[in-house]
Amino acid sequence: MHASEIRLWRKLLWLAFAAALSGCSDERPPPRGPLDSPANPPAAAGVRVSSLQPGEFVPTPERHSPYQGDPLALAEGFRLFQWFNCVGCHSFGGGGMGPALTDAKWIYGASPEQIYATIVQGRPNGMPSFGGKIPEDQVWKLVSYVRAIGRLEPLGQVNETLLQDPIGEPQAQGEEEPVEPVGSAAQ
Amino acid sequence: MNACIRKLGGIAACGFALLAMSCSEVDRQSVLTPKGPQAQLIANLTWAMIAVGAVVFAAVAVLVLMAVLRGRRSAHPRLLESHQAWRVVLAGGVIAPIIVLFVLLVGSAVVDRKNVTPPPGSAMTIEVIGHRWWWEVHYLDERQNRVAVTANEIHIPVTEPVRFILKSVDVIHSFWIPNLHGKTDLIPGRTNVSWLAASEPGVFRGQCAEFCGLQHANMGLEVVAQSREEFSTWLHRQQSPAAEPMDAEAREGMQVFLAGPCMMCHSIRGTPAHGRVAPDLTHVGGRRRLAAALIPNNRGHLAAWITDAQRIKPGAAMPPISLEPRQLRALVHYLEGLE
């Protein structure tokens, strides 16, 4: 090889190295700006929690969690689940005073926006309304966590030992339909 | 010649740095400014070790210089006989270190033994629970009941021994007030006990001394040593519930606190806010600093902390809170009135 060829290959190699480095992504959370936390945030508006509708069926508008597939959000959701005392009624998903979150029965829907609406608006028989009390991005992290322990999203490393049940292996992501499909066409 | 000048300049710079380190601001968090009996013993041992080390270093440096300079002078340097060389090695490399190190060992053992002596049984007890990245402080009475709770600022009566019960809720932290004592770890699942006494009144800054995460460097605390009367007054105030809001703006601030996210994590005794996962704010207005001794406690810093704590202490559990300017002003007014 000529000296100029070697120089060219070396430049290409450095370029490839730099390109590979740029693929490294940051696990840091995105920078958080000031958040609005009204008691009935816009993300919960128009969410239907029942599939019973007169006339033509109108599906709930889809709203995706900003933390889809984010393992840090799952870990944060686990922390917040205890932080805000969700474990007080739901335990670690097995339920108690509140319904279980790890089974396939979702009274008010299992899609992300329906779970968001449930947390923010509250529900009869004891689910408090946390709108305006929990900042919006933290509610979305809780939504990610609740969907993960409900086996609708991959659970990753978060509290696997707590959710080992003798019934069966955790279900694959997104394939299993909940027992009561309600509202959203996203499922 | 240039290299020599540069070296001398470096030595002079180090000397100036050492001089600068002795100014009073650094004394507030300095192992070399002991203000308690344990810290005094540790500082004495430190200086003794430095002195011994300096002597050994000087001796070795002199020997090296002799070797270099003498060797350069004559073309036929005088070499030691084999038995002479062995005697030098035996004396300087075996016997002298054994003696020196034994002396240091005895000194170290004496200091350690004195420092682990438990305090008298009548010592007041303070329970410190480490969180990431703040200190939860409970004052206990004689029967180990919690009588007062605060955060990040500990007051103690001067010259009286105070026992500390150290716990952690998450990871290993370490309780270190350099002016008063060495480090004692806060280990999750285990209770460690330490004790301190301040020999004179003052404010002594402490620091978490075991890496605990992103904001480990910003997990400080302050220990305020006061006279017995001042301490009793302060403790009595800490035991009482929060002051009622004095004016309309403070009342509005209390409503902002209770209606918003604040009460989900913080508690203010005397109001419906009973959150346990964040520092107790019942008497936050009277504290010297906020955010684990990171920022001074005044309106501007408090408002900044509420609005966007993540800019000040990224990774802390406090989320940014968006409030209307009027609400923020009212909330800050209410909180600074909680003295």
Unmet requirement for A:Pro54, which otherwise passes all of (1) at pLDDT 70 or above; (2) within 14 Å of chain B (Cβ to nearest Cβ): (2)
For the subset of region A:62-92 comprising residues that are in a loop (DSSP other than H, G, I, E, B), open to solvent by 60 Å² or more (accessible area, probe 1.4 Å) and touching a residue at least 24 places away in the same chain (Cβ under 8 Å), which member is farthest from the other protein chains (Cβ to nearest Cβ)? A:Glu62
Quick check on this structure: which one of A:Val120, A:Val146 is modelled with pLDDT of 90 or more and either within 14 Å of chain B (Cβ to nearest Cβ) or touching an Asp or Glu at 6+ places or on another chain (Cβ under 7 Å) (or both)? A:Val120
Does region B:298-305 contain at least one residue that is in a loop (DSSP other than H, G, I, E, B), farther than 17 Å from B:Pro261 by Cα, more than 14 Å from chain A (Cβ to nearest Cβ) and open to solvent by 40 Å² or more (accessible area, probe 1.4 Å)? yes
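Kindly indicate whether any position in region B:213-227 is within 19 Å of the chain's Cα centre (by Cα), farther than 27 Å from A:Gln82 by Cα, buried (at least 17 other Cβ atoms within 10 Å of the Cβ) and among the polar types (S, T, N, Q).
yes
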Answer yes or no: is there a residue in region B:245-263 that is under 23 Å from B:Ile156 (Cβ atoms) and open to solvent by 20 Å² or more (accessible area, probe 1.4 Å). no
Count, please, the residues in region B:276-297 that happen to be over 23 Å from the mean Cα position of the chain (by Cα) and open to solvent by 40 Å² or more (accessible area, probe 1.4 Å). 1
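Yes or no, residue by residue, for (1) surrounded by fewer than 17 Cβ atoms within 10 Å (Cβ to Cβ); (2) in contact with a Lys or Arg (Cβ under 7 Å, 6 or more places away or on another chain); (3) more than 25 Å from B:Gly315 (Cα to Cα):
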| residue | (1), (2), (3) |
| --- | --- |
| B:Asp170 | yes, yes, no |
| B:Pro178 | no, no, yes |
| B:Gly189 | yes, no, no |
| B:Pro201 | yes, no, yes |
Of these, B:Arg269, B:Arg228, which one is touching an Asp or Glu at 6+ places or on another chain (Cβ under 8 Å), within 19 Å of B:Ile126 (Cα to Cα) and not β-branched (Val, Ile, Thr)? B:Arg228
A:Gly109 fails exactly one of the following numbered conditions: (1) within 14 Å of another protein chain (Cβ to nearest Cβ); (2) open to solvent by less than 30 Å² (accessible area, probe 1.4 Å); (3) not hydroxyl-bearing (Ser, Thr, Tyr). What is the number of that condition? (1)
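Can you tell which of B:Gly337, B:Gly253, B:Gly260 is within 11 Å of chain A (Cβ to nearest Cβ), in contact (Cβ under 8 Å) with a residue 60 or more places away in the chain and not aromatic (Phe, Trp, Tyr)?
Going through B:Gly337, B:Gly253, B:Gly260 in turn, the sole match is B:Gly260.
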Inside region B:266-275, can you point out the residues that are touching a residue at least 24 places away in the same chain (Cβ under 8 Å) and open to solvent by less than 20 Å² (accessible area, probe 1.4 Å)? B:Ile268, B:Thr271
Report yes if B:Pro320 is within 13 Å of chain A (Cβ to nearest Cβ) and open to solvent by 50 Å² or more (accessible area, probe 1.4 Å), otherwise no. no
If I filter region B:120-136 for residues that are polar (S, T, N, Q) and either within 29 Å of B:Thr46 (Cβ to Cβ) or surrounded by 15 or more Cβ atoms within 10 Å (Cβ to Cβ) (or both), do I get at least one hit? yes
With respect to A:Gly95, is the statement that it is surrounded by fewer than 15 Cβ atoms within 10 Å (Cβ to Cβ), under 22 Å from B:Ala259 (Cβ atoms) and of a type outside the set (S, T, N, Q) true? no
Output for region A:120-130, where each listed residue is open to solvent by less than 20 Å² (accessible area, probe 1.4 Å) and either farther than 24 Å from B:Ala259 by Cβ or out of contact with any Gly (no Cβ under 7 Å at 6 or more places or on another chain) (or both): A:Gly122
Can you tell me how many residues in region B:48-60 are free of Cβ contacts under 8 Å to residues at least 12 places away in the same chain and under 28 Å from B:Leu180 (Cα atoms)? 4
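Please work out if B:Phe164 is hydrophobic (A, V, I, L, M, F, W, C), crowded, with 20+ Cβ neighbours inside 10 Å, out of contact with any Pro (no Cβ under 9 Å at 6 or more places or on another chain) and farther than 21 Å from B:Pro296 by Cα.
yes
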B:Arg237 - would you say it is more than 14 Å from chain A (Cβ to nearest Cβ) and closer than 21 Å to B:Trp133 by Cβ? no
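The values are calculated or read from the model by the stated rules, or taken from the named source; none is laboratory data. Because the structure is predicted, anything quoted here is derived from the model rather than measured. We place every Cβ from the backbone using ideal geometry, glycine too, and count neighbours over all the protein chains shown. With ligands, DNA and RNA removed, areas are computed over all heavy atoms of the protein, side chains included. Shrake-Rupley method; radii C 1.70, N 1.55, O 1.52, S 1.80 Å.
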